[in-house]
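Chemist: This is the structure, below, for whatever I ask next.
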Amino acid sequence: MPVWSRRFPRTPEAAGGARAFLRDVLSSRIPPVVLDNAILLTSELAVNGVRHVPAAEGDWLEVSVDHGDEVLKIAVRSPGKDFARSQDLSRRGEPGGWGLRFVDELSSRWGVTPDTDGTAVWFEMDWRTGGG
């Protein structure tokens, strides 16, 4: 199972870097529609990692890709430690706020894994069956 990982400065440009990283490692390995969905979801998680983590907690964002024969797993780690999966996924009436809703709808499964350095928000796509 190939695994790739890249760390980015936690700046607004991190989402663009994450999208390019996924294109580099996955464009010849999975169907285009699955790649498009994976890029969208990764971009949303990267933006969340930049937007919702206080600057004092750290300046990095890490994207890892675990490509299996049938399942694609992507994790976005950041130094934030207070993510709660139970947060409202729709935030109706507020601009933005749809990233986790997209993750929930387009992935096969997703979750949150805290560790000593921060938190990883990950999703899996059963890509042989078309994604989510």
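Chemist: Bin all alpha-carbon pair distances of region 1-55 at 5 Å intervals from 0 and give each bin's fraction as a whole percent.
Modeler: With a bin width of 5 Å, the distribution comes to 4, 20, 29, 23, 14, 8, 2, 1.
Chemist: In region 19-64, carbon and sulfur make up what percent of the accessible area (probe 1.4 Å)?
Modeler: Details: 1100 of 2180 Å².
The C+S portion of the solvent-accessible surface of region 19-64 is 50 percent.
Chemist: What accessible area per residue, rounded to a whole number of Å², is obtained for region 1-79 using a probe radius of 1.4 Å? Mind showing how you got there, number by number?
Modeler: On the way: 3850 Å² over 79 residues.
Here the residues of region 1-79 average 49 Å² of exposed surface.
The values are calculated or read from the model by the stated rules, or taken from the named source; none is laboratory data. From a predicted model like this one, the values you see are computed outputs, not experimental measurements. When the accessible area is computed, the model is the full protein with side chains, heavy atoms only, and any ligands, DNA or RNA have been set aside. Shrake-Rupley method; radii C 1.70, N 1.55, O 1.52, S 1.80 Å.
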